[in-house]
1. Inspect all residues belonging to the stretch B:137-157 and state whether any of them is over 30 Å from C:Q60 (Cα atoms), part of a loop (DSSP other than H, G, I, E, B) and of a type in the set (S, T, N, Q).
2. Where residues in the stretch B:187-208 are within 17 Å of the chain's Cα centre (by Cα) and either assigned to a loop (DSSP other than H, G, I, E, B) or basic (K, R) (or both), which of them is surrounded by the most Cβ atoms within 10 Å (Cβ to Cβ)?
3. Please work out which residue is farthest from the other protein chains (Cβ to nearest Cβ), limiting yourself to the stretch C:53-63 and to residues that are under 22 Å from B:V273 (Cβ atoms) and part of a loop (DSSP other than H, G, I, E, B).
4. Which of the residues spanning the stretch D:273-285 are crowded, with 16+ Cβ neighbours inside 10 Å, part of a loop (DSSP other than H, G, I, E, B) and under 16 Å from the mean Cα position of the chain (by Cα)?
5. Collect the residues in the stretch A:144-183 that are closer than 17 Å to A:Q214 by Cα and of a type in the set (A, V, I, L, M), keeping them in residue-number order.
6. Just give me the residues in the stretch A:95-121 being in contact (Cβ under 8 Å) with a residue 40 or more places away in the chain and closer than 25 Å to A:T57 by Cβ, in sequence order.
7. May I ask you to verify whether B:S93 is in the same structural domain as B:T173 (by TED's automatic domain parsing) and polar (S, T, N, Q)?
8. If I ask for residues that are more than 14 Å from chain A (Cβ to nearest Cβ) and closer than 29 Å to B:S192 by Cα, which ones from the stretch B:131-153 would you list?
4 protein chains.
Amino acid sequence: MAIVLGDNRYGKAETRLVRVVRDGARHELRDLTVSVALAGDLAASHTDGDNSGVLPTDTQKNTVYAFAGRYGVGAIEDFALRLARHFVDTQPSIHQARVSIVEHGWQRLGPHSFQHSGAETRTATVTCDADGAWVVSGVADLVLLNSTGSEFVGFVKDEYTTLPEAKDRILATAVSARWRHAAASSSDWDESFRGARELLVASFVDTYSRSLQQTLYAMGHRLLEGRPELAEVRLAMPNRHHLLVDLAPFGLANPNEVFVATDRPYGLIEGTVVRDDAPPPGLAWW
Amino acid sequence: MAIVLGDNRYGKAETRLVRVVRDGARHELRDLTVSVALAGDLAASHTDGDNSGVLPTDTQKNTVYAFAGRYGVGAIEDFALRLARHFVDTQPSIHQARVSIVEHGWQRLGPHSFQHSGAETRTATVTCDADGAWVVSGVADLVLLNSTGSEFVGFVKDEYTTLPEAKDRILATAVSARWRHAAASSSDWDESFRGARELLVASFVDTYSRSLQQTLYAMGHRLLEGRPELAEVRLAMPNRHHLLVDLAPFGLANPNEVFVATDRPYGLIEGTVVRDDAPPPGLAWW
Amino acid sequence: MAIVLGDNRYGKAETRLVRVVRDGARHELRDLTVSVALAGDLAASHTDGDNSGVLPTDTQKNTVYAFAGRYGVGAIEDFALRLARHFVDTQPSIHQARVSIVEHGWQRLGPHSFQHSGAETRTATVTCDADGAWVVSGVADLVLLNSTGSEFVGFVKDEYTTLPEAKDRILATAVSARWRHAAASSSDWDESFRGARELLVASFVDTYSRSLQQTLYAMGHRLLEGRPELAEVRLAMPNRHHLLVDLAPFGLANPNEVFVATDRPYGLIEGTVVRDDAPPPGLAWW
Amino acid sequence: MAIVLGDNRYGKAETRLVRVVRDGARHELRDLTVSVALAGDLAASHTDGDNSGVLPTDTQKNTVYAFAGRYGVGAIEDFALRLARHFVDTQPSIHQARVSIVEHGWQRLGPHSFQHSGAETRTATVTCDADGAWVVSGVADLVLLNSTGSEFVGFVKDEYTTLPEAKDRILATAVSARWRHAAASSSDWDESFRGARELLVASFVDTYSRSLQQTLYAMGHRLLEGRPELAEVRLAMPNRHHLLVDLAPFGLANPNEVFVATDRPYGLIEGTVVRDDAPPPGLAWW
């Protein structure tokens, strides 16, 4: 019996990059948080303090900025592909690289003026090894609410169940969705993202919901139906409960008008929707 | 010499209220966080544990929900006025009441579907006593950025100064502004808010900035110029520094294209702009 | 009628400083977040973009680090006094300076090893002008709980009251307290802080509580009684509600054993306790 | 080709529970955040809105409170085992259950008085299916710092490397560690936790560090060496960078005394240490 090193990786997390494109009077802005994770022949750094295979995380950060200057950013999937490929191709000790990017949105107010869009972000995670690359795009903190068109009935009742059936309730959630592209080959990532996001939102709006599970599945199904370039989607959707306030002590009815929005606890629904002939995921979810 | 009770107040903070208006198929939604603070003849509760003048904070919360059911919400200024007035008028022990409301925005996606708008919020604070009421409206976390049209030169240099002068820089801030209405009398608060917000944004966009101080003053000045119903505005604007990355070690120029957005520390500019014939503030800022 | 500049100030907020004292093998560590705010003849920077009186916030940050190197830190009150005095004495345009410091605690694990102590922080705010200085010390996020010895009865009942009287409840709060020293003259600030904090904690533990108001007043009173160097204390204490869970539907009693700790809403009690012969506060609370 | 449901689970997240044991005058307190996730025959709820196999997340929450009342809490591993087993054993549709508990610490101040310990938490995750159970214990947000005894030299230098070698630096991290028990059979979980935590802290303090990777491995190795009941440990350790401030512009040396503690970006080191004869992990990390 021996004690040994298992899986490991390291990298620079949350490098904040704002890239301005200044071709003429009308500027473009991309605002990113970039995280890098690398793995490979790194056992000696753990067991012997031998850093001869370790590319410093500070260098990884520098590379993000230098690439943004030299090549620009473009779609975050392209930027992540370029960075991840670079680490694997130039560092003999590095066999896998994952670059995760969160893009913070800004709305245009003028030729060089912008307003921050809020909490919703676009995400991309690219993983590379010597043989290939895998691209996962996504959205996070997309907060949606239907004020009707949602019920929750017919569920299991056991001795600890006190929840009444609800024929008409508020359904609200903060969607986190990540979808795997069937191929990492060149694509119009921006167009793909816009289309995917639109399908998710539309299916949330259109679905009469018998549970958040059903809504989640409808969203994933619609996404894959509408976007042939995608193989799989993973969704995590907290149920942001809106509880009907009992106004009877004050002599008032409450016909689904007055709600308390609660912070904790919350239901959390997680699910995957996938094509049955999807290519294997490889390192997509590494 | 004696040890005595000084200023004091108490109340329920951060009551979360979502109010749906369901007149027909097209719903309206208002999403509020309501905080109440009350003061008056409350010394005995502190010094003797005599609660005979204390309206429980739980009752204050109930009142928020009951009023939302009975009267609806409407503009947050109106809702705050109604609540603040109620506490002062119905409780003999309560002489001042302050109701502060933060409204979280939702964009419409369909007749009963909405998307959360993000971090920016609309605010209102109403203070009442037996004689009158004071209304302060505002906006918080309105994050704005100009990618050019900003400089910072001609400042004091002392022995601890290393900052180079900047002829062209990014200017970004999260505006918190609160403006005092000259009168608390009935008004179209929603229209007033929309107009005020628009002036703040427009002046940020239009102002060539020699400092964030100058931008702050220009915003406040434009607000009062354009909205005669307002007497005073208080602005707090953190300087969300975007530092130019030195790419020279990598053989690259950086002509104002690649920036690191930093979290801390940050400059913080606070200032008031006021009419010289404004009515006295009374309890507006209590 | 004219629109004019009112009160204003500016400075660098949240400069993060860790100062190690390395005299011999046993190191000392002080971990601070320092915020500076300055005011004076700064109208021209607002109205004309004339920065000739503006000491950059970047310079203020540099000064924090340089002073930490040159003089060390010592008690945070001393460090804040030194910094605030410097800005007023060396900058003709600056007439008031406020330096606020939050100290993050570390427990010793070895001669040069430490463990972070958690959320509780020690605070100091020093304000200077040409004539004098005012020192306010304090504590924040000191979270205390009594699992019995607390009741809440005899309160006002109106038509919106549903809260039952409680003869035995959990009382929990996160104490934020700031106490004003009668004089800013040299003092053993560390000893004063330790003594003050001990009195606050002891009075929370010892007081049979008829309301959080009563506990707040008892804490402030005990503090001033025990520390003659202090003139006034301001306390803000949120009521971190622990609600008894109704286990009756499951055939179980709940004799004050099972509670849900709620996030929002929460009661918020704010109060001042002061000596009736205290010197005037001057700029202490500026 | 078809679009199908893949992996999925659901449950109630972040149920806040405070349990007081009141045997006599000296109370005991356990403060937990409990999250439940369930999986099984749940396809119909996703695809057909058929909730006949869905135990509501509200019922899961009720079960947490009811079990706390009926059985008490004890060690969080025991409480999680009891809950996870219950869901699998009583619900025909549920085949796997995971219960994750975060315990918030309180230090004793008196017979029924406590002070919150801060950010560090103890964690346990138990997963059950029909055949067995797996127990993972851990610690999170354990923030440690060595002010010397750390270097980082001999690393890869490429064209993007600007980091100088450091012979003496601050090493600080927030340890998140989760260790898998070889068996889920009855054990003194509290004693095991105390011993494990002590080994992690001691090895951080004792290790002369050539990199955070080396420190991570040393901590994991020491843990498994000292605790035969443990099979594997997974560590995630952000490098909380403390950068030496350049005081040369102010005519000052900085012999490792004045540092800026940065928020972002940060290095992130993740690694597993495992016995080579460890039993297979089963659902431990599900």
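1. Checked the stretch B:137-157: no residue is over 30 Å from C:Q60 (Cα atoms), part of a loop (DSSP other than H, G, I, E, B) and of a type in the set (S, T, N, Q).
2. Residue satisfying both the conditions and the ranking: B:R197.
3. Of the residues in the stretch C:53-63, the ones under 22 Å from B:V273 (Cβ atoms) are C:53-54, C:57.
With the extra rule that they be part of a loop (DSSP other than H, G, I, E, B), the set shrinks to C:53-54.
Details: C:G53: 7, C:V54: 5 Å.
If we take residues in the stretch C:53-63 being under 22 Å from B:V273 (Cβ atoms) and part of a loop (DSSP other than H, G, I, E, B), then C:G53 is farthest from the other protein chains (Cβ to nearest Cβ).
4. If we filter the stretch D:273-285 for residues that are crowded, with 16+ Cβ neighbours inside 10 Å, which is where we start, we get D:273-275, D:278, D:283-284.
Pick out the ones that are also part of a loop (DSSP other than H, G, I, E, B) and you get D:278, D:283-284.
Once the filter is applied, which keeps residues that are crowded, with 16+ Cβ neighbours inside 10 Å, part of a loop (DSSP other than H, G, I, E, B) and under 16 Å from the mean Cα position of the chain (by Cα), the stretch D:273-285 yields only D:A284.
5. Selection gives A:L144, A:L145, A:V153, A:V156, A:A166, A:I170, A:L171, A:A172, A:A174, A:V175, A:A177.
6. Result: A:H95, A:Q96, A:A97, A:R98, A:V99, A:S100, A:I101, A:V102, A:E103, A:H104.
7. Details: in the same structural domain as B:T173 (by TED's automatic domain parsing): no; polar (S, T, N, Q): yes.
For B:S93, the condition - in the same structural domain as B:T173 (by TED's automatic domain parsing) and polar (S, T, N, Q) - is not met.
8. B:D131, B:G132, B:A133, B:W134, B:V135, B:V136, B:S137, B:G138, listed by residue number.
The values are calculated or read from the model by the stated rules, or taken from the named source; none is laboratory data. None of these values were measured; they are calculated from a predicted model. Neighbour counts are summed over all protein chains in view; Cβ atoms, including those assigned to glycine, are modelled from backbone coordinates with ideal geometry.
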